[in-house]
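What follows is a set of notes on a single structure, which appears directly below.
The values are calculated or read from the model by the stated rules, or taken from the named source; none is laboratory data. Remember, it's a predicted structure, so these values are computed and weren't measured experimentally. We place every Cβ from the backbone using ideal geometry, glycine too, and count neighbours over all the protein chains shown.
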Number of protein chains: 2
Amino acid sequence: MKISTKVEFGIIAIIDIASHSLNGNAVTTPEIAKRQNISKKYLEQILSSLSSAGLVRGQKGSNGGYVIAKDLKEITFKDIINALDANVLSNVYFNTQGDDDVMIRLIDNSLWSKMSSYLQQYAESITLAQLCDEYIKNNEIEHNIPMYYI
Amino acid sequence: MKISTKVEFGIIAIIDIASHSLNGNAVTTPEIAKRQNISKKYLEQILSSLSSAGLVRGQKGSNGGYVIAKDLKEITFKDIINALDANVLSNVYFNTQGDDDVMIRLIDNSLWSKMSSYLQQYAESITLAQLCDEYIKNNEIEHNIPMYYI
DNA sequence: ACTAAACCTATTGAAATACTATGATTAATG
DNA sequence: CATTAATCATAGTATTTCAATAGGTTTAGT
C-alpha cells in the first residue's frame, strides 16, 4: 500500500474543498496549496483529474475556484481514489503471461482479487460527507475553536 | 494493488517449490525457471529474499536446490508477501509532512490503516499448505492426470 | 578435477513518479 | 475595456523505482 502523492494530495484537496465550501463559496487552488502545503502547479493537475471525473466543478475567472459537484453523501472514497489512480483498488494487475495457467489463476483469482474486492467494498462504504464531518470535528477539538459556516 | 513481478514471481516460486518437494527432493532454480517461464537469474535474487526470510532453505552444490524451511501450515501468505516486499501490506506509507496534522491523521489512521490491517488479516489467514493443496488439486483436474508424490 | 547448484553484488535500460514551466482561456472588477 | 486572477491544457525534466542482466564466488556431489 504505497500511496502516490497524487492520490494523497487529491484526497486532502477534496476534503479541504468540501469542508471550506459548505458556505457556498468556491475554494481556490492557491488557497488549498497554502493551507495544505502542496505545490500550486502540481495541485492544478490533480484537481483537473477530480474535475474530469465529475467530483468537483471548477469555475474560471476572478472569484473562481472549485466546489464539490454532487451531494457529499454521493461521493465515496472509492470514487475519489479511482479518479486519481485507477490502479489502487483495481482488480489485480498481473504481469505474467506464464505457461502455468493453474498457478496464475490460483494466485490471481483466489488471492489478489479477494483482497482488492474487499478494498473496493470498504472504500465504497466511506462517503465524502463522513470524511468532511470528521475533519471538521477533529479540527474544532484540536484548535479549541468552533468553525462557523456561513 | 499493482503487484510487482518480484512479489508475483516469488509467490509462484514458493508454491512451485512446496508442491514439487513433497517427496523430499530439493527443487532447483533452473527447474522452476523453466516450469514457470521466469528468468533464472532474476529468480535467484527472488529466492534469496525468501531464503533470508527463513521461508525456504537452499542447499548448495550438485544435487542442491531449495526446500521449504518450515511446516507448510506455518507459512502464511502474509509471510511470503512481506519477505518479497515490505510495502505491499504495510501500514500506510504516507509521503507528506504537511502542516495539517488533523488531515494527515484522518486520512492515514481512519482510511489507509484500516485497509491495510484488513489485508494483513486476510493474508495471515491463508497458509502455504492451503495454496499448495489447491494448486495440486487444480493441476490434477486440469490435466486429468493424478500427481503422485514419493 | 569437473560439474552444477546456490549465493553475492554491480550495472543497465526502461518506465513511472513528482514535479516545474509556459501559456491559453475565462470571467469578474475598476 | 484593460487588468487581474482564476481554471485549464500540455510539454518538459529530474529523480526514483523496477525489472532485469551480467559476472563472478562458494559449495558440494560424482
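Can you tell me which of (1) more than 12 Å from chain A (Cβ to nearest Cβ); (2) more than 13 Å from DNA strand D (Cβ to nearest atom) is the one B:G58 doesn't meet?
Unmet for B:G58, out of (1) more than 12 Å from chain A (Cβ to nearest Cβ); (2) more than 13 Å from DNA strand D (Cβ to nearest atom): (2).
Under the condition of being more than 30 Å from B:L111 (Cβ to Cβ) and more than 7 Å from chain B (Cβ to nearest Cβ), which residue from the stretch A:93-108 is modelled with the lowest pLDDT?
Restricting to residues being more than 30 Å from B:L111 (Cβ to Cβ) and more than 7 Å from chain B (Cβ to nearest Cβ), the top hit is A:Q97.
Could you check, for the stretch A:25-35, whether at least one of its residues is of a type in the set (S, T, N, Q), free of Cβ contacts under 8 Å to residues at least 24 places away in the same chain and within 10 Å of DNA strand D (Cβ to nearest atom)?
So the first thing to find is which residues in the stretch A:25-35 are of a type in the set (S, T, N, Q), and the list is A:25, A:28-29.
Checking the rest, the ones that are also free of Cβ contacts under 8 Å to residues at least 24 places away in the same chain come to none.
Looking for residues that are of a type in the set (S, T, N, Q), free of Cβ contacts under 8 Å to residues at least 24 places away in the same chain and within 10 Å of DNA strand D (Cβ to nearest atom), one finds none in the stretch A:25-35, hence no.
Identify, please: which residue in the stretch B:6-38 is touching a strand residue (DSSP E or B) at 6+ places or on another chain (Cβ under 6 Å) and farther than 21 Å from A:K114 by Cβ and is, among those, surrounded by the most Cβ atoms within 10 Å (Cβ to Cβ)? I'd like the intermediate steps shown before the answer.
Within the stretch B:6-38, the first condition is being touching a strand residue (DSSP E or B) at 6+ places or on another chain (Cβ under 6 Å), and the residues that meet it are B:17-18, B:20-21, B:26-28.
Filter once more, keeping what is farther than 21 Å from A:K114 by Cβ: B:17, B:20-21, B:26-28.
Numbers: B:I17: 25, B:H20: 22, B:S21: 19, B:A26: 17, B:V27: 21, B:T28: 18.
For the stretch B:6-38, the residue satisfying everything is B:I17.
Within the set of pairs 6+ apart or on separate chains, which have a first residue in the stretch B:12-23 that is free of Cβ contacts under 8 Å to residues at least 40 places away in the same chain, a second that is among the acidic types (D, E) and not in a helix (DSSP H, G or I), and C-beta atoms under 9 Å apart?
Hits for this filter: B:I12/A:D100; B:D16/A:D100.
From the list B:A83, B:A69, which one is within 20 Å of B:I126 (Cα to Cα), more than 12 Å from the chain's Cα centre (by Cα) and either of a type in the set (V, I, T) or modelled with pLDDT of 95 or more (or both)?
Numbers: B:A83 fails: more than 12 Å from the chain's Cα centre (by Cα).
Residue meeting the stated conditions: B:A69.
Checking the conditions here, which among A:G58, A:G64 is surrounded by fewer than 13 Cβ atoms within 10 Å (Cβ to Cβ), modelled with pLDDT of 95 or more and within 16 Å of DNA strand C (Cβ to nearest atom)? It would help to see each step written out before you state the result.
Details: A:G58 fails: surrounded by fewer than 13 Cβ atoms within 10 Å (Cβ to Cβ).
None of the others qualify; the one that does is A:G64.
Taking the stretch B:46-55, which residues are near DNA strand C (Cβ under 9 Å from one of its atoms) and buried (at least 18 other Cβ atoms within 10 Å of the Cβ)?
Applying the first criterion (near DNA strand C (Cβ under 9 Å from one of its atoms)) to the stretch B:46-55 yields B:47-48, B:50-52.
Listed by number, the residues that qualify are B:L47, B:L50.
Among the candidates B:S4, B:S90, single out the residue that is in contact with a helix residue (DSSP H, G or I) (Cβ under 7 Å, 6 or more places away or on another chain), within 30 Å of A:A13 (Cβ to Cβ) and at the interface with chain A (Cβ under 9 Å from one of its Cβ atoms).
On the way: B:S4 fails: in contact with a helix residue (DSSP H, G or I) (Cβ under 7 Å, 6 or more places away or on another chain).
Criteria check complete, one pass: B:S90.
In the stretch B:7-45, what residues are more than 13 Å from chain A (Cβ to nearest Cβ), within 11 Å of DNA strand C (Cβ to nearest atom) and either within 15 Å of the chain's Cα centre (by Cα) or modelled with pLDDT under 95 (or both)?
Within the stretch B:7-45, B:E44, B:Q45 meet the criteria.
Looking at (1) within 11 Å of chain A (Cβ to nearest Cβ); (2) more than 18 Å from A:L106 (Cβ to Cβ); (3) exposed (fewer than 14 other Cβ atoms within 10 Å of the Cβ), can you tell me which one B:S113 breaks?
Of everything listed in (1) within 11 Å of chain A (Cβ to nearest Cβ); (2) more than 18 Å from A:L106 (Cβ to Cβ); (3) exposed (fewer than 14 other Cβ atoms within 10 Å of the Cβ), B:S113 misses just condition (3).
Read through the list (1) within 16 Å of DNA strand C (Cβ to nearest atom); (2) surrounded by fewer than 16 Cβ atoms within 10 Å (Cβ to Cβ); (3) in a loop (DSSP other than H, G, I, E, B), then give the number of the only condition that B:V88 fails.
Of (1) within 16 Å of DNA strand C (Cβ to nearest atom); (2) surrounded by fewer than 16 Cβ atoms within 10 Å (Cβ to Cβ); (3) in a loop (DSSP other than H, G, I, E, B), only one is false for B:V88: (2).
Residues of the stretch A:36-50 being near DNA strand D (Cβ under 6 Å from one of its atoms) and more than 11 Å from A:G10 (Cβ to Cβ), which ones?
Within the stretch A:36-50, A:E44 is the sole residue that qualifies.
Being buried (at least 19 other Cβ atoms within 10 Å of the Cβ), under 23 Å from B:S113 (Cα atoms) and within 15 Å of DNA strand C (Cβ to nearest atom): is that true of B:I3 here?
Details: buried (at least 19 other Cβ atoms within 10 Å of the Cβ): yes; under 23 Å from B:S113 (Cα atoms): yes; within 15 Å of DNA strand C (Cβ to nearest atom): yes.
In short, yes.
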